[in-house]
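Report on the following structure.
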Amino acid sequence: MNSIERGDVSSPQEFSRIVEEDRKRIISVKKRRRIATKTFSYLFENRDTVLNQINEMILVENVTDIEEIHHLIGTYNALLPQENFLSISMFIEISDEKELLSEMPKLSGIEKSVYLVIGDHEIRAVPEEGRSTETLESTLQYLRIYFTREEAKILKNCRNAFIVTKHKNYSETAMIPEDLLNELKSEIY
């Protein structure tokens, strides 16, 4: 997937003029690329979702410093899927604050317990380096699913795929809808 370059990113002033239109468009993109279980949702990132995150960050924080913009671009480019991996943002969807506080200790290690299941083949998602600690500190986790050539072939030929959480306290499964599965197949080489 093509990296995001400085010329792709809007200034705060430019983005403020199109932000409402872009939000409507990106909501549609994210709706198509997000799946959910009872406790978690998974957003399969792509160039549109990542570019939107950069533009939103620049707008909200009124970033005009070129070095800071380049830093944001570099940071968020790491979320772009590549020919041998998919990139997923995993959200813990517990909205009640008291429940979330009581569940956070039970969720420790959840970011290491996510799998893509295709047929009888399982691929464990790899959490972002340096983000995992013994205590879960964030309701947002960044994951990658890396593919060998053989696994990429299996994905391209599969009819069904699932995101599965295999954790001692949380065991949940979501089927990837056919439309999204076809998009993901086209993003892996």
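Tabulated data for the structure shown
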read-out: Folded to 0 to 90 degrees: helix 66-77 orientation relative to the chain principal axis, Cα; value: 20 degrees
read-out: Distance between modelled label sites at residue 68 and residue 31, nm, 7 Å Cα→Cβ extension; value: 3.4 nm
read-out: Angle in degrees between helix 178-187 and the longest Cα principal axis of the chain, rounded to the nearest 10; value: 70 degrees
read-out: Gyration tensor (alpha-carbon) shape descriptor, the stretch 86-187, a/c threshold 1.5; value: prolate
read-out: Too-long pairs where the Cα-Cα distance tops 29 Å, listed order kept, from 24/112; 98/166; 31/166; value: 24/112
read-out: Principal-axis tilt of helix 47-60 within the chain, Cα atoms, nearest 10 degrees; value: 50 degrees
read-out: Relative contact order (%) - the chain, alpha-carbon pairs under 8 angstrom, separation at least six; value: 22 percent
read-out: Reach of residue 156 by Cα under 21 Å, taken over lysines that are not fewer than 8 positions away in the same chain; value: 185
read-out: Kirkwood Rh in Å, taken over the chain so that all alpha-carbon pairs contribute; value: 17.7 Å
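Bear in mind that the values in this text are calculations on the coordinates, not laboratory data. The structure displayed is predicted, hence computed values, not measured ones. Cβ sites come from the backbone with ideal geometry, for glycine too, and all protein chains shown count toward neighbours.
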